[in-house]
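Engineer: The structure is given below, and queries will be raised subsequently.
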Amino acid sequence: MNAPFTLTREKYRAIWISDVHLGYKGCKAEYLLHFLQVTDCDYLYLVGDIIDIWSMQRNLYWPQTHNDIVKAILDKAKSGTRVIYIPGNHDEMFRDYDGYVFGNIIFRNEYVHTTRTGERFLILHGDEFDGVIQCGRLATFFGNHAYDFLLYLNRLFNQARRRLGLPYWSLATFLKGKIKNAMRHVENFERAAVYAANRRGAGGVICGHIHHAELKKVNGIVYLNTGDWVENCTALVERQGGEIELLHWSERYQTVKIFPASRLAPAFDTEKAA
C-alpha cells in the first residue's frame, strides 16, 4: 500500500461496510483501517462477512492489522457509535445471537435504517438471494478456489502497478463485468434484493455479499450494495443531510455515486425490466 492520502476527519450520520473478510489473506486491511481512523459516525453497520470463518477453518491467518480493525470498531462502539453487526454466510455462526449485545455491538440478522430525510432501507447481507450458496458449500468449492487464484493474480498485477506509481485496480471486478453469466447473476441478485425490500415496505435495500458495489434504482426501489474490502475497497456513507454516497477508498479517495437521484448521473434513473 502507498502512503495514505491526507484527509480532514469526516463525521457521517451512518457508515455501511461489508465483506471485509478478516482472517483471509486477500483482505485490504490497511485501507479499511485508514478509513476507520479518519471517519466518525452515529451508526456503523457491519453488513456481513466481516470475519471470514470459512477461510480461517482452511488456513489460520490473523495479522496485527486485523486486530487493529477489530479494536477500531470496538473503540467506536465504546465512544457512542451505535454499531450493528448483520452476519453473512462467512460469519454465519453469529446469526444464532440475533438480538444480543456484546461489547456494545448489536447483533441483528436484518435491520431497517431510516435516513435523516425519512427513507427506509432494509439492511441484510444478501446470501439468502444467492441460489449457489443456498444449495450448499460443496457447490461453491471449486468457485472459491478459482476466486482465490484470481485474487492471487490480482495481487501480483497490483504490485507491478504500485512500482509504476499507479493506483489499485481490481482485475476480478473487471473480469466479472466482462463475463455475461456473471452479470446475469448480479442482475438476478439485485432483483431479488429489491423484491425483499418491497415486501417489507422499505423504499430501498442495502446489502453486500457479491463484492459488486452499486447505487441505483431497480424496479422503482433504491438498490445499494456496499461492495467489499478484498477487491474494491468501497463503503456507503450517509451524510448529515441524508444523502448517501458510495465511496471508493484506496490510494485515491473518490465519491462514486450519490443518492438521492437528483444528484446522480442520469443512468441511475434507468429502471431495469423485471
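The values are calculated or read from the model by the stated rules, or taken from the named source; none is laboratory data. The shown structure was predicted, so the numbers you read here are calculated from the model rather than taken from an experiment. Backbone-built Cβ (ideal geometry, glycine too); neighbour counts: all protein chains shown.
Engineer: All but one of (1) over 14 Å from the mean Cα position of the chain (by Cα); (2) among the charged types (D, E, K, R); (3) crowded, with 17+ Cβ neighbours inside 10 Å; (4) modelled with pLDDT under 90 hold for Lys216; state the number of the condition that does not hold.
Structural biologist: Among (1) over 14 Å from the mean Cα position of the chain (by Cα); (2) among the charged types (D, E, K, R); (3) crowded, with 17+ Cβ neighbours inside 10 Å; (4) modelled with pLDDT under 90, Lys216 violates only (4).
Engineer: Among the residues of segment 215-230, which ones are of a type outside the set (Phe, Trp, Tyr) and within 17 Å of Ser250 (Cα to Cα)? Show your work before the answer.
Structural biologist: Our first condition is that a residue be of a type outside the set (Phe, Trp, Tyr); within segment 215-230, this holds for 215-222, 224-228, 230.
Across segment 215-230, the qualifying residues are Thr226, Gly227, Asp228, Val230.
Engineer: Follow-up question, since we're still on this one. Pairs under 7 Å by beta carbon, first residue in contact (Cβ under 8 Å) with a residue 40 or more places away in the chain and surrounded by fewer than 18 Cβ atoms within 10 Å (Cβ to Cβ) in segment 77-89, partner hydroxyl-bearing (Ser, Thr, Tyr) and not in a loop (DSSP other than H, G, I, E, B), six or more apart or different chains?
Structural biologist: Arg82/Tyr43
Engineer: Let me ask something else about it. Does segment 184-202 contain any residue that is modelled with pLDDT of 65 or more, surrounded by fewer than 16 Cβ atoms within 10 Å (Cβ to Cβ) and over 30 Å from Gly118 (Cα atoms)?
Structural biologist: For segment 184-202, residues modelled with pLDDT of 65 or more, surrounded by fewer than 16 Cβ atoms within 10 Å (Cβ to Cβ) and over 30 Å from Gly118 (Cα atoms): present.
Engineer: Further, regarding this structure: Select from segment 36-47 the residues that are more than 13 Å from the chain's Cα centre (by Cα) and buried (at least 19 other Cβ atoms within 10 Å of the Cβ) and list them in ascending order.
Structural biologist: The answer is Leu36, Thr39, Cys41.
Engineer: Based on this model, can you work out whether His21 counts as crowded, with 19+ Cβ neighbours inside 10 Å, at pLDDT below 95 and closer than 15 Å to Gly208 by Cβ? Give the steps one after another, and end with the answer.
Structural biologist: Values: crowded, with 19+ Cβ neighbours inside 10 Å: yes; at pLDDT below 95: no; closer than 15 Å to Gly208 by Cβ: yes.
It is false that His21 is crowded, with 19+ Cβ neighbours inside 10 Å, at pLDDT below 95 and closer than 15 Å to Gly208 by Cβ.
Engineer: Okay, next question. (1) aromatic (Phe, Trp, Tyr); (2) under 19 Å from Thr255 (Cα atoms); (3) at pLDDT below 95: which one isn't true of Trp54, the others all being true?
Structural biologist: Unmet condition: (2).
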